[in-house]
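Student: Take this structure, written in structure tokens, and hold onto it; I'll ask about it next.
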Amino acid sequence: MAVVTSVDEDSILRGRIEEGDEVVAFSGRKFVDILDYIYADGCEKGTVTVLRDGKEVDIPYRNRGCIHTLGLSFDSSVEIVPRNCVNNCLFCFVRQLPKNLRKTLYVKDDDYRLSFISGSYITCTNLREEDIERIVFYKLSPLYISVHATDKAVQKRLLGIKKDFDQMSLLRRFKDAGIKFHTQIVLVKGINDGEILKKSLSDLTEVGAETVAVVPVGLTGHRDGLPDVKPVDKETAEECIDICEAYYKDHPGFCYCSDEMYQIAGREIPPAEYYGNFDQIENGVGLIAKFFQDFNEELLYAPKAVRRTVGLFTGVSGNGTMEKAKAILEERYKGLHINIYVVKNHFFGESVTVTGLVTATDIIEQYGDMVTKDKYYIIPSVMLKEFGNQFLDNMTVEELSEKLNKKIVVIPAGGDGFVRGVLYGGK
């Protein structure tokens with residue numbers, strides 16, 4: 001139930017629903033959150049059930065061709081409040097965070113609605129039957145599901161759960177209902193690698209997964225009191241890549257190792273065409289290939305001459321890509337100089353090498369006293385809060401700029417953003 005706060009002028013319900021009405025259901029389905037309203041707004045006909053004077057009243061509507069809108073706004077009760085994770089994963093990243101970060105970073109969410117809306121991964125261990133029925137009824141697809149291992153005993157160990165959980169049966173049910181889903185396996189050395197990984201790939205093919213991303217476990221330097229988990233080493237990464245690439249040959253476009261896995265193994269990243277539609281790019285799969293694909297396309301429209309010196313901050317794992325891009329641009333533009341500043345992650349621990357987890361604190365600690373001829377410094381947007389200007393340590397871009405006494409240009413992550421940031425100052 002939610003309270004109507006306003007009704008648009010062009011609403012097809014104007015005059016029949018008023019501000020202050022309490023909406024109970026849409027076409028007989030209980031009003032749980034904003035997804036119910038979005039679905040109803042896209043239907044050609046239905047009913048809105050409101051509570052008036054203690055009685056439920058059904059108000060029918062017809063919207064031929066869905067060219068109009070229900071035009072209702074509601075109070076905050078319709079907002080999606082993330083559902084908490086009930087697992088106790090061996091490698092839970094939230095439990096490895098230092099203190100005094102943004103409060104939202106400590107939220108352990110495992111919510112099927114956010115999986116559909118924003119592509120976050122869920123385990124499904126907290127799904128109730130009514131949730132499953134809702135997913136199927138609304139065709140919430142695709143979903144992004146963490147599997148880690150299809151062997152039940154291994155999966156329970158990784159997830160830190162005691163109850164029986166038949167994830168494969170649930171995935172078959174999703175498949176039969178036409179729900180598409182992408183999956184991920186966080187690889188932990190000695191637990192879900194080798195033969196367990198082979199079994200997982202085979203089982204996920206059988207239940208109809210769209211893709212599988214295999215990523216190395218992420219470990220910070222803040223694991224006091226947590227289980228002993230070994231990082232993925234070169235040998236393990238090589239074996240994992242061999243398994244996935246061999247399986248890929250018979251199942252093209254199905255399974256991928258993340259770019260980080262290739263970096264650990266010291267192997268070349270596959271070309272862009274290997275990754276198809278880049279369905280797992282948010283999982284770090286194909287990022288480098290996509291970077292250079294966009295990089296080369298952007299260069300088609302680049303100016304003939306550029307003369308400037310700029311600096312760019314990156315994490316350790318991003319250095320190779322940045323150096324390669326720098327070499328291409330400096331070869332093309334003799335008046336261009338790019339200084340790459342690699343930031344070691346002291347904040348989370350040096351085992352954390354990705355650029356997205358670089359903090360302003362580490363940039364200042366390692367480069368705060370640096371005097372350069374750089375016209376400006378470039379940082380990729382992945383270092384910042386989404387739609388914001390804060391680093392993970394709560395420092396803002398403006399505060400960092402003041403500390404470094406230099407203009408900072410924030411660029412979108414990707415090869416096109418890199419080219420524009422270097423050649424145009426991000427404009």
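Student: List the pairs whose first member sits in region 347-358 and is outside the structural domain of Lys385 (by TED's automatic domain parsing), whose second member is part of a loop (DSSP other than H, G, I, E, B), and whose Cβ atoms are under 6 Å apart, counting only residues at least 6 apart or on separate chains?
Tutor: Filtered contacts from region 347-358: no entries.
Student: Among the listed residues Val50, Val57, which satisfies the condition of being in contact (Cβ under 8 Å) with a residue 24 or more places away in the chain and either closer than 23 Å to Ile117 by Cβ or not in a loop (DSSP other than H, G, I, E, B) (or both)?
Tutor: None of the other options fit; the residue is Val50.
Student: Shifting gears a bit: Need the failing condition index for Ala289 against (1) within 18 Å of Gly415 (Cβ to Cβ); (2) small (Gly, Ala, Ser); (3) in contact with a strand residue (DSSP E or B) (Cβ under 7 Å, 6 or more places away or on another chain), just the number.
Tutor: Going through the list (1) within 18 Å of Gly415 (Cβ to Cβ); (2) small (Gly, Ala, Ser); (3) in contact with a strand residue (DSSP E or B) (Cβ under 7 Å, 6 or more places away or on another chain), Ala289 breaks only (3).
Student: Here is a follow-up. Scanning region 271-295 for residues that are surrounded by 19 or more Cβ atoms within 10 Å (Cβ to Cβ), free of Cβ contacts under 8 Å to residues at least 60 places away in the same chain and not aliphatic (A, V, I, L, M), which turns out farthest from Arg332 (Cα to Cα)?
Tutor: Tyr275
Residue-wise test of (1) within 21 Å of Asp279 (Cα to Cα); (2) not in a loop (DSSP other than H, G, I, E, B).
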| position | (1), (2) |
| --- | --- |
| Phe165 | no, no |
| Arg173 | no, yes |
| Ile179 | yes, no |
| Lys189 | no, no |
| Glu210 | yes, no |
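Student: Every residue in region 322-340 that is under 29 Å from Thr361 (Cα atoms) and out of contact with any Asp or Glu (no Cβ under 9 Å at 6 or more places or on another chain), please.
Tutor: Scanning region 322-340 gives Met322, Glu323, Lys324, Ala325, Lys326, Ala327.
Student: While we're here: Looking only at region 369-414, filter to residues that are in contact with a helix residue (DSSP H, G or I) (Cβ under 6 Å, 6 or more places away or on another chain) and in a loop (DSSP other than H, G, I, E, B); which one of those is farthest from His337 (Cα to Cα)?
Tutor: Restricting to residues being in contact with a helix residue (DSSP H, G or I) (Cβ under 6 Å, 6 or more places away or on another chain) and in a loop (DSSP other than H, G, I, E, B), the top hit is Asp393.
Student: Would you check which residues across region 247-266 are part of a helix (DSSP H, G or I) and either under 16 Å from Val316 (Cα atoms) or in contact with an Asp or Glu (Cβ under 7 Å, 6 or more places away or on another chain) (or both) and list them?
Tutor: Of everything in region 247-266, those that are part of a helix (DSSP H, G or I) and either under 16 Å from Val316 (Cα atoms) or in contact with an Asp or Glu (Cβ under 7 Å, 6 or more places away or on another chain) (or both) turn out to be Asp259, Glu260, Met261, Tyr262, Gln263, Ile264, Ala265.
Yes or no, residue by residue, for (1) in a helix (DSSP H, G or I); (2) assigned by TED's automatic domain parsing to the domain that holds Ile411; (3) under 21 Å from Lys406 (Cβ atoms):
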{"site": "Glu245", "(1), (2), (3)": "yes, no, no"}
{"site": "Glu268", "(1), (2), (3)": "no, no, no"}
{"site": "Glu273", "(1), (2), (3)": "yes, no, no"}
{"site": "Tyr301", "(1), (2), (3)": "no, yes, no"}
{"site": "Leu312", "(1), (2), (3)": "no, yes, yes"}
{"site": "Gly318", "(1), (2), (3)": "yes, yes, yes"}
{"site": "Glu323", "(1), (2), (3)": "yes, yes, no"}
{"site": "Val342", "(1), (2), (3)": "no, yes, yes"}
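Student: Would you check which residues across region 60-91 are under 30 Å from Phe165 (Cα atoms) and without any contact (Cβ under 8 Å) to a residue 60 or more places away in the chain and list them?
Tutor: Glu79, Ile80, Val81, Pro82, Arg83, Asn84, Cys85
Student: In addition: Only one residue in Glu331, Glu268, Glu298, Glu323 is buried (at least 16 other Cβ atoms within 10 Å of the Cβ) and of a type in the set (D, E, K, R), so which one is that?
Tutor: Residue meeting the stated conditions: Glu298.
The values are calculated or read from the model by the stated rules, or taken from the named source; none is laboratory data. Keep in mind the model is a prediction, meaning the values are calculated, not measured. We place every Cβ from the backbone using ideal geometry, glycine too, and count neighbours over all the protein chains shown.
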